[in-house]
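The values are calculated or read from the model by the stated rules, or taken from the named source; none is laboratory data. If you're wondering where the values come from, they're calculated on a predicted model, not measured in any experiment. FYI the Cβ positions are ideal-geometry reconstructions off the backbone, even for glycines, and counts take in every protein chain you see. Accessible surface areas use protein heavy atoms only, side chains included; no ligands, DNA or RNA. Shrake-Rupley method; radii C 1.70, N 1.55, O 1.52, S 1.80 Å.
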Amino acid sequence: MCGIIGVTGNGPVVPRLIDSLKRLEYRGYDSAGVAAMVDGAVERRRAQGKIRNLEAVLAEQPLTASVGIGHTRWATHGAPTTANAHPHKAGRVTLVHNGIIENFAELKAELAAEGHVFESQTDTEVIAHLLDAELNTGRAPLEAFKVTLDRLTGAYALAVLIDGQDDLILGARRGSPLVVGWGEDEMYLGSDALAVGPFTQKISYLEEGDYVAVTRSGAQMFDVTGSPVERAVVQVSASSAMVEKGEYRHFMEKEIHEQPDSVQHTLSEYLDLVTGKAKPQAVDFAALDRIQIVACGTAFYAGQIARYAFEKLAGLPCDVEIASEFRYRSPAVSPRTLAVAVSQSGETADTLASLTWCKAQGLKTAAVVNVHSSSMAREAEVLWPTHAGPEIGVASTKAFTTQLAGLFLLTLVLAKLRGRLTAEQETAYLAELRSLPNKTQKVLALEPQVEAWSQRFANKHHALFLGRGVHYPIALEGALKLKEISYIHAEAYPAGELKHGPLALVDEDMPVVTIAPNDQLIEKLKSNMQEVRARGGELYVFADGDVHIEESAFVHVIRLPGGSNGALSPILHTVTLQMLSYHAALQKGTDVDKPRNLAKSVTVE
Ligand code: G6P
């Protein structure tokens, strides 16, 4: 997660870029840089580390201009060095980027074969070379930009300067946020409202696939097809920050949509995106014979899902327990157990107490937490951070998917160390993980279909969620979300267990939400669906793209894009269930972000 800013105005721009970058430092501070147009040619200043280092460089080598871009980096591809700091430059093109270009290796090889010389290890630099090559064919800037964008796979928010274009910043957004800020004879591009906050409160939120040409006098916007579009100008509050809702109605909606970004940020904590390899971890996994996960609420379900992977891929026994139960039952633990607390806040009283208890027993301890300064982060010997950013909605969304992504990567590290993963399997899993932000974005595009379903849930009193295998905890999480924010009673069952009780509840009144991934249990799941239909139940099925399920008046199907989602399936299916409960709650008019009787961080028993 990086922060970007662009300003085209009349006065000296560089101090303003710095001002904005300081507000964006929460998005990363591995390095920072600015570029500005000086007599028709772009000049850069960059520095490793925090913005103050960049300020020191600028004090030595000032830069005076009225058009410029800036970046603060959270390193993904390449070490946090000055050479890898943005802006990146190739020929006439200088640009800053937030996101990950998944096909950068192929593009880089192609460009290198054509004689392009690269000066960084970043994925970003290929975009500059590609665009410069397109300009060299004689294309106009906007056309060259569009052709370049069409060649990129992955996520990006971009701000681009071109030598000789002294009143132009190009911008584009896919999978990473970007806003246009409107000033008086001055215009801005930034990662969010906070970035342009010092200059304007008038914002247009670019939509997925949009690109834009910004000049002092305005902005020309285009959608993903290249057609001109207009995006509404909205007035945001002066203190607009990451803790503001921005273009969204609720924090929960915003947080659902931030998942491509937050998952990507978390992946880059554990994955070296240059080598494609998982990063080593400071735990002697070889000395372990068991994992004990403790957690509450949604984090508990993340632990349940992780157990499948720890046992299947790493062959290590794994227990998962609700912390408020674990702490009071005097569990028998082996001394070679690794105790893992999973928690968004890192403050949940029961989880913290369980962690402390494990530590007192002499166990090795680790904490998967989103708040890195939290009590659990400090208490555990090993901190495994997730990078969801601040999660404000009480119902957890992006914290959950980042926990799943982080825990899955840790499983791969462990499986490899235990000799249970071949190099080919590792490569395949890592490639899957790298496509996760992009696939999540595609699942988010199903929102209109999910919203249409939600209308049928609003007047229901009960719902049943079914899943099998690793998707059973996903069903549990789906039911929890619906309960929490729409106050509709919901239960989740492993579908094979239907006949042992819940089938008695099934009638035409109770929607049965079914998660249907293309895995080895799909045929068995289909039989379970028949059991529901035979009792008059109405099915709402979320299926992997290549699962064959016949639709009818009582069997509704939403298909996830692509074919089978493999190891990523639990994460992608979760996103659909989040959207379902969010829209059901909207229909009911509940307080989505602050559901009755609940709290975000439960620091009491
Ligand atoms: C509360 C929140 C849930 C969360 C749970 C555990 O119940 O409403 O969303 O899953 O606490 O919180 P933690 O911060 O430990 O993940």
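Here are the numbers for the structure shown:
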quantity: For Ala47, net neighbour charge (Lys/Arg +1, Asp/Glu -1) across residues whose Cβ lies under 12 Å away; calculated: +3
quantity: Shape of the stretch 286-384, Cα gyration tensor, a/c cut at 1.5; calculated: rounded
quantity: Relative packing of 142-154, 31-43, 121-133, which averages over residues the other C-beta atoms within 10 Å, highest first; calculated: 121-133, 31-43, 142-154
quantity: Projected label distance in nm at Ser373 and Glu531, using a 7 Å step from Cα toward the beta-carbon; calculated: 5.1
quantity: Above-threshold pairs, the threshold being 26 Å between Cα atoms, out of Lys524/Lys588; Lys460/Lys594; Lys524/Lys600; Lys277/Lys524; Lys245/Lys442; calculated: Lys524/Lys588; Lys524/Lys600; Lys277/Lys524
quantity: Share of carbon and sulfur in the accessible heavy-atom surface of the stretch 74-185 [1.4 Å probe, %]; calculated: 51
quantity: Computed lengthening from Glu230 to Ser217, 0.36 nm per intervening residue step minus Cα-Cα distance; calculated: 3.2 nm
quantity: Phe326, Phe199, ranked by accessible area, largest first (probe 1.4 Å); calculated: Phe199, Phe326
quantity: Local electrostatic count, Pro561, Cβ distance below 14 Å [Lys/Arg +1, Asp/Glu -1]; calculated: -1
quantity: Highest to lowest packing among 386-393, 495-502, scored as the average C-beta count within 10 Å; calculated: 386-393, 495-502
quantity: Calculated FRET value between Asp163 and Ser564, using beta carbons and R₀ = 45 Å, to 0.05; calculated: 0.45
quantity: Of every Cα-Cα pair in the stretch 70-116, the percent that sits beyond 15 Å; calculated: 55
quantity: On Cα atoms only, tilt of 297-314 relative to the major axis of the chain in degrees; calculated: 90
quantity: Accessible area of the stretch 425-529 belonging to carbon and sulfur atoms, whole % at 1.4 Å probe; calculated: 52
quantity: Net charge over other residues, Cβ less than 14 angstrom from the Cβ of Glu311 (K, R count +1; D, E count -1); calculated: +3
quantity: Share of carbon and sulfur in the accessible heavy-atom surface of the stretch 547-602 [1.4 Å probe, %]; calculated: 52
quantity: Sequence of Phe400, Phe408 when ordered by accessible area, the most exposed leading, probe 1.4 angstrom; calculated: Phe408, Phe400
quantity: Accessible area (Å², per residue) of the chain, counting only protein heavy atoms and a probe of 1.4 Å; calculated: 37
quantity: Whole-Hz ³J(HN,Hα) from phi, Karplus 6.51 cos²θ - 1.76 cosθ + 1.60, for the stretch 319-329, glycine and proline x; calculated: 9, 10, 9, 5, 4, 5, 8, 4, 5, 10, 10
quantity: The stretch 462-478-the stretch 64-100 distance, computed between alpha-carbon centres (Å); calculated: 43
quantity: Exposure rank, largest accessible area first [Lys202, Lys312, Lys460; 1.4 Å]; calculated: Lys312, Lys202, Lys460
